[in-house]
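First the structure, in the form of C-alpha cells, and then the observations on it.
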Amino acid sequence: MSTARPAADGPHRSGFACFVGRPNAGKSTLTNALVGTKVAITSNRPQTTRHTVRGIVHRPDAQLVLVDTPGLHKPRTLLGQRLNDVVRATWAEVDVIGFCLPANEKIGPGDRFIANELAQIKRTPKVAVVTKTDLVERDGLAEQLIAVDRLGREAGFEWAEIVPVSAVSGAQVSLLADLLVPLLPEGPPLYPEGDLTDEPEQVMIAELIREAALEGVRDELPHSIAVVVEEMLPREDRPADRPLLDIHAYLYIERPSQKGIVIGPKGQRLKNVGTTARRHIEALLGTPVFLDLHVKVAKDWQRDPKQLRRLGF
Ligand SMILES: Nc1nc2c(ncn2[C@@H]2O[C@H](COP(=O)(O)OP(=O)(O)OP(=O)(O)O)[C@@H](O)[C@H]2O)c(=O)[nH]1
Ligand SMILES: [Mg+2]
C-alpha cells in the first residue's frame, strides 16, 4: 500500500492533485495542512468551498499543486449544478485524484456515486484519503480502511494508495505528500518559489468574510450567503508608516427575511463578523484594514443565471 519516497537525486516532479469528496469531508482543511497555511476557508457547514482553490506545496524534489474542489453533492440549485460541473472538469485535468472519505462516517450512496464516476477516469491514479482519523479509535479506522478498499473494487478500480490522515492532529499529512509526489509527472516547478496559492487577493478577502459569516448561522442560511469585495483602496492622508486599507464589501443573502439574522440584534452579529474577518484579512495582507461591510438582498441568487454570473459563478 505504500510507495517508497523518491531518492533525493531523482528527477524533479511537478503536477496537480485534486481533492474530491462529499461536502464536509475535510478537503479544504487537508489542503491547508499540506500547504502549511490557510489558502481555503473551512467550516462545519457542508458546501463551504464554492470554487477550485489551488494550494502549492514546495519541496526540493517536487512541486505538488493541490486543487481543492467543492464537495460533490446532489444539486438542488443552479449553483449546486455549477459546482458539480467544476469538480468534474477538475478531475478530468489533474495528474492524481485524492478521494477524501471521513474516518468517522459510514460510506454511503454519495461516496459510491463519486467512486463510480471516478471509475470512468481510467488513466488517472486514485488515492483514497481517509480523513479525520483523530475522531475514531483504532478498530474503527481499520474497519473503514477495509470498507474503502472494497469501495474501490466494487466501482471497478484499484486505489493507488489508501492513506489515513488527520489534518487537525497532523498525523500522516506529510506521508500523504510523500505518496502523491511519485504519482506526478517529471517536470520543472510550475509556480514561482514561495507562492502558496494563485487565488487573487480580492477573492481570498471575500472568502475570509464569508467564512466569518458562516460561523454560527443555521439551516439553509450558509448556502444563501455570498460575498463580493467591491473596492480596496489605501486611505489617503495617512503617514507612510501608518497605512490603512479601506475594504468595501457586500454580503449577499437571498431573502429580506435573512437580513435580520445576518445583522443580528442591534447589528451585533454583523459587527462580530466584521471584527473576525478583519483580523484574518490583516493577517493575510500584513497591513491594518478598515472593513466596511454591507448586507444586500440578491433575490434567489443561487437559482438565477444572471445573478450567479454577477457573483462570479
Ligand atoms: N477532528 C477533525 N476535524 C476535521 C478534520 N479535517 C476537517 N475537519 C472538520 O470538518 C469540517 C469540514 O471541513 P472542511 O475542510 O471545510 O471540509 P470540506 O470537505 O472542504 O467541505 P466542503 O468545502 O463543504 O465540501 C470542519 O469543521 C473541519 O474543522 C480532521 O482531520 N479532524
Ligand atoms: Mg472545502
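Overview of values
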{"quantity": "Any pair with Cβ under 9 angstrom, 6 or more apart, that starts in region 132-151 at a residue that is free of Cβ contacts under 8 Å to residues at least 60 places away in the same chain and among the β-branched types (V, I, T) and ends at one that is within 16 Å of ligand 1 (Cβ to nearest atom) and in a helix (DSSP H, G or I)", "calculated": "T133/L141; T133/Q144; V136/Q144; V148/D111"}
{"quantity": "Qualifying residue in region 141-153 (condition: modelled with pLDDT of 95 or more and within 18 Å of T31 (Cβ to Cβ))", "calculated": "no"}
{"quantity": "Members of region 48-63 found to be of a type in the set (S, T, N, Q) and more than 13 Å from ligand 1 (Cβ to nearest atom), listed by number", "calculated": "Q63"}
{"quantity": "Single match in P75, P46 (criterion: surrounded by fewer than 16 Cβ atoms within 10 Å (Cβ to Cβ) and either of a type in the set (A, V, I, L, M, F, W, C) or within 16 Å of ligand 2 (Cβ to nearest atom) (or both))", "calculated": "P46"}
{"quantity": "Residue in region 164-177 that is farthest from ligand 1 (Cβ to nearest atom), counting only those that are aliphatic (A, V, I, L, M) and within 19 Å of the chain's Cα centre (by Cα)", "calculated": "A177"}
{"quantity": "Residues of region 89-98 that turn out to be away from ligand 1 (no atom under 14 Å from the Cβ) and either out of contact with any Leu (no Cβ under 9 Å at 6 or more places or on another chain) or over 21 Å from E161 (Cα atoms) (or both), as a count", "calculated": "4"}
{"quantity": "Flag if T31 is among the β-branched types (V, I, T), in contact (Cβ under 8 Å) with a residue 12 or more places away in the chain and within 11 Å of ligand 1 (Cβ to nearest atom)", "calculated": "yes"}
{"quantity": "Subset of region 157-175 [of a type outside the set (G, A, S) and part of a loop (DSSP other than H, G, I, E, B)]", "calculated": "F157, E158, W159, V165, V168, Q172"}
{"quantity": "Among residues of region 48-58, those that are outside any loop (DSSP other than H, G, I, E, B) and touching a Phe, Trp or Tyr at 6+ places or on another chain (Cβ under 9 Å), counted", "calculated": "3"}
{"quantity": "Lone unmet requirement of (1) closer than 20 Å to T49 by Cβ; (2) exposed (fewer than 11 other Cβ atoms within 10 Å of the Cβ); (3) of a type outside the set (A, V, I, L, M) for E236", "calculated": "(1)"}
{"quantity": "Matching residues in region 176-198 - criterion: being assigned to a loop (DSSP other than H, G, I, E, B) and either more than 26 Å from L284 (Cα to Cα) or in contact with a helix residue (DSSP H, G or I) (Cβ under 8 Å, 6 or more places away or on another chain) (or both)", "calculated": "L184, P185, G187, P188, L196"}
{"quantity": "Single residue of F113, F99 found to be within 16 Å of ligand 2 (Cβ to nearest atom) and of a type outside the set (D, E, K, R)", "calculated": "F99"}
{"quantity": "Candidates T287, T275 - the one that is within 25 Å of N44 (Cβ to Cβ), exposed (fewer than 14 other Cβ atoms within 10 Å of the Cβ) and of a type outside the set (D, E, K, R)", "calculated": "T275"}
{"quantity": "Count of region 55-81 residues which are of a type in the set (D, E, K, R) and touching a Leu at 6+ places or on another chain (Cβ under 7 Å)", "calculated": "0"}
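One line per residue, one yes/no per condition, for (1) part of a helix (DSSP H, G or I); (2) within 12 Å of ligand 1 (Cβ to nearest atom); (3) over 24 Å from P222 (Cβ atoms); (4) modelled with pLDDT of 95 or more:
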{"residue": "N24", "(1), (2), (3), (4)": "no, yes, no, yes"}
{"residue": "T42", "(1), (2), (3), (4)": "no, yes, no, yes"}
{"residue": "P46", "(1), (2), (3), (4)": "no, yes, no, no"}
{"residue": "V65", "(1), (2), (3), (4)": "no, no, yes, yes"}
{"residue": "K74", "(1), (2), (3), (4)": "no, no, no, no"}
{"residue": "E105", "(1), (2), (3), (4)": "no, yes, no, yes"}
{"residue": "D111", "(1), (2), (3), (4)": "yes, no, no, yes"}
{"residue": "A115", "(1), (2), (3), (4)": "yes, no, yes, yes"}
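Condition check ((1) closer than 16 Å to R50 by Cα; (2) at pLDDT below 95) across all residues:
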{"position": "Y191", "(1), (2)": "no, no"}
{"position": "G194", "(1), (2)": "no, yes"}
{"position": "A212", "(1), (2)": "yes, no"}
{"position": "R218", "(1), (2)": "no, yes"}
{"position": "S224", "(1), (2)": "yes, yes"}
{"position": "V227", "(1), (2)": "yes, no"}
{"position": "E230", "(1), (2)": "no, no"}
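The values are calculated or read from the model by the stated rules, or taken from the named source; none is laboratory data. Since the structure is predicted, the reported quantities are computational estimates derived from the model, not experimental observations. With ideal geometry, Cβ positions are generated from the backbone for all residues, glycine too; neighbour counts draw on all protein chains shown.
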